[in-house]
1. Using 1/(1 + (r/R0)^6) with R0 = 51 angstrom and r between the beta carbons of residue A:56 and residue B:208, what's the FRET efficiency to the nearest 0.05?
2. Could you state the angle between the C-alpha long axis of helix B:246-261 and the longest principal axis of the C-alpha atoms of chain B, as a value from 0 to 90 degrees rounded to the nearest 10?
3. How many Cβ atoms of partner chains, on average, are near each residue of B:209-218 if near means within 10 Å of its Cβ?
4. Let me make sure I get this right: for region B:284-435, a, b and c are the square roots of the gyration tensor eigenvalues over alpha carbons, sorted descending. Under 1.5 in a/c it's rounded, otherwise prolate if a/b > b/c, else oblate. Which is it?
5. Could you give log10 I(q)/I(0) at q = 0.06, 0.10 Å⁻¹ for chain A, computed by the Debye formula over C-alpha point scatterers of equal weight, without solvent?
6. Just the number, please: Stokes-Einstein D of region B:260-347 in µm²/s, Kirkwood Rh from C-alpha pairs, 25 °C, 0.890 mPa s.
7. At a Förster radius of 56 Å, what calculated FRET efficiency corresponds to the Cβ-Cβ distance of residue A:66 and residue B:124, to the nearest 0.05?
8. Starting from 0 in steps of 5 Å, tell me what percent of the Cα-Cα pairs of region A:104-167 lands in each bin.
């Protein structure tokens with residue numbers, strides 16, 4: 001039957017078309033433009049490597065990429081710690097399924113507002129004359145406002161952790177819920193301590209969730225530009241911000257080259273994560 | 001984010017009608033009626049045969065009130081689009097048919113006029129040409145004044161002929177832009193927090209203000225503020241701040257990097273509201289600022305002064321240019337719109353916001369003597385000074401920062417500009433931000 005042979009293709013067609021139109025085509029365009037030439041107001045079709053050369057040979061690029069990686073590593077570590085903790089509590093310490101769902105929904109409440117609002121609301125809180133500094137000073141804990149709280153790396157990491165922790169909680173919570181409780185009982189019967197159960201049973205079984213959460217956080221932080229700009233007061237650079245600057249100056253080919261490099265880097269990171277953990281096993 | 005684009009339509013008379021139909025109708029009836037019941041002294045011909053002009057430009061002068069008044073006085077519908085300066089330059093060059101009137105800054109004009117998408121205007125058709133402030137024609141505010149550095153408007157105001165793309169050194173019959181709005185910028189300070197008189201640009205480097213200063217992170221403007229600071233501090237003496245050599249750019253940026261790493265700056269701002277918040281919250285006490293931002297801080301009841309400095313001001317100015325493709329009735333309408341723009345109502349509106357308008361004599365007639373004395377002559381206000389929307393901006397007795405028009409525009413040290421080494425400057429600027 002011809003129809004039965006075509007059927008799988010027809011079933012796959014909608015997704016293929018959507019991905020082709022909204023993923024492959026834009027990326028192909030970006031790759032193409034990254035080889036074009038430009039002056040201060042126009043871009044011309046061409047095939048030059050200057051955009052890549054200028055990007056890769058500039059020490060600013062390296063410093064910016066290192067800075068972005070620094071944010072990524074710190075934010076990943078903190079969100080993993082906090083996310084795992086919250087998910088563990090929800091999965092193992094809350095007994096009733098209803099309560100678990102209620103508390104999980106509570107975690108998502110901040111996400112009912114826009115992430116720009118959530119980020120900007122830190123600014124009056126952390127500022128020199130902000131709530132935190134004023135409270136600390138009234139309590140007599142400090143005499144000088146703490147300047148490092150705002151427009152600093154601290155502020156950037158804090159805002160990112162706030163914005164992205166839920167992306168860690170959700171997949172980890174999901175895998176923890178699937179762990180067969182009998183395994184934990186068996187471990188306990190075999191004489192394992194609580195810590196041994198955690199490291200030998202729970203964490204290995206939670207790896208796929210950790211990997212998925214890590215992919216979310218790493219890609220989000222690597223591509224971020226608005227958090228870095230607002231929370232560092234424009235004093236720090238990130239790759240996304242560098243691209244935004246280039247676009248504002250109409251240097252589209254340079255921004256495209258940067259985007260391609262960032263894409264390759266993020267794909268490598270994701271590949272490394274997938275190499276360590278086989279997420280398909282659990283899905 | 002600064003990349004926000006808004007489309008504003010002043011009056012929506014002819015929105016659904018196709019452009020082609022509009023043009024045809026306009027051409028057919030164009031010569032028919034002149035005069036009519038001219039309430040405001042302008043022919044009402046456009047009211048009968050609606051013409052739409054698409055104007056785009058930077059936010060400052062794209063004001064809804066102007067579009068509404070224009071519709072009421074002339075019957076011309078203005079469709080205004082506000083963009084940031086980078087998007088404006090790009091659009092003038094690459095989408096020549098997407099606009100009829102370009103409201104651009106003089107330094108953008110220097111960059112884009114050569115692309116040939118704008119047509120110079122015949123000054124014989126500009127009714128108030130003789131009364132335009134001489135900064136835009138001869139370059140000299142008074143016969144004795146010196147022309148400031150940077151892209152001084154007079155250097156890009158004229159071309160040799162109707163089809164020329166080459167700027168003429170002296171006034172000719174063909175003008176590239178009709179000036180609309182201009183001002184002199186300086187540093188804003190919090191007088192209650194600086195604790196000492198501020199006199200020079202270099203005062204922003206005072207160790208007492210460590211971690212309490214900011215400059216703006218828009219490379220083409222930020223570099224000029226940086227240049228004013230460096231020259232004031234004696235770091236370097238520029239041949240032309242508006243057109244630095246590579247070596248001068250290097251010295252300036254290296255100095256900025258050193259200052260940044262020493263922790264002198266609290267933040268860099270990119271948008272108007274960021275600068276207002278930095279100042280209002282007390283995060284910074286001295287920074288680059290634009291005059292409406294100072295007014296915004298003050299309107300919160302927080303003291304803020306637009307401090308005049310010994311080295312002078314960094315000035316900027318914009319004007320209206322006509323797209324190359326305009327002809328016939330639409331071109332006539334464009335000229336009529338520009339003549340109306342200079343005829344006083346708009347000028348008064350802009351002056352009341354603290355900017356300056358191109359033809360002062362007509363604006364004066366549209367302002368009260370007290371308003372004129374306050375804004376233009378630098379005298380203490382006799383009554384409360386209201387914004388164009390009717391909000392109290394200054395109470396009786398207040399004096400404008402920097403004083404009179406002559407004192408402020410007479411002390412311009414340099415104009416916003418575009419440098420020959422633009423691309424190099426931007427690259428180094430990004431290095432400064434990433435450092």
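Taken together, the values in this text are just the output of simple stated rules run on the coordinates, not laboratory data. In this text, all values refer to a predicted model and were calculated from it rather than measured experimentally. Cβ placement follows ideal geometry from the backbone for every residue including glycine, while neighbour counts extend to all protein chains displayed.
1. About 0.75, to the nearest 0.05.
2. In chain B, helix B:246-261 runs at an angle near 60 degrees to the longest axis.
3. Working: counts 0, 1, 3, 2, 0, 4, 1, 1, 5, 1.
What the average comes to for B:209-218 is 2.
4. Numbers: a/c = 2.04, a/b = 1.02, b/c = 2.00.
Verdict is oblate for region B:284-435.
5. -0.28, -0.74
6. It diffuses with D of about 146 µm²/s by this estimate.
7. On the way: r = 62 Å, r/R0 = 1.10.
Computed FRET efficiency for residue A:66 and residue B:124 comes out at 0.35.
8. P(r) over region A:104-167, rounded to whole percents: 3, 17, 23, 20, 16, 12, 7, 2, 0.
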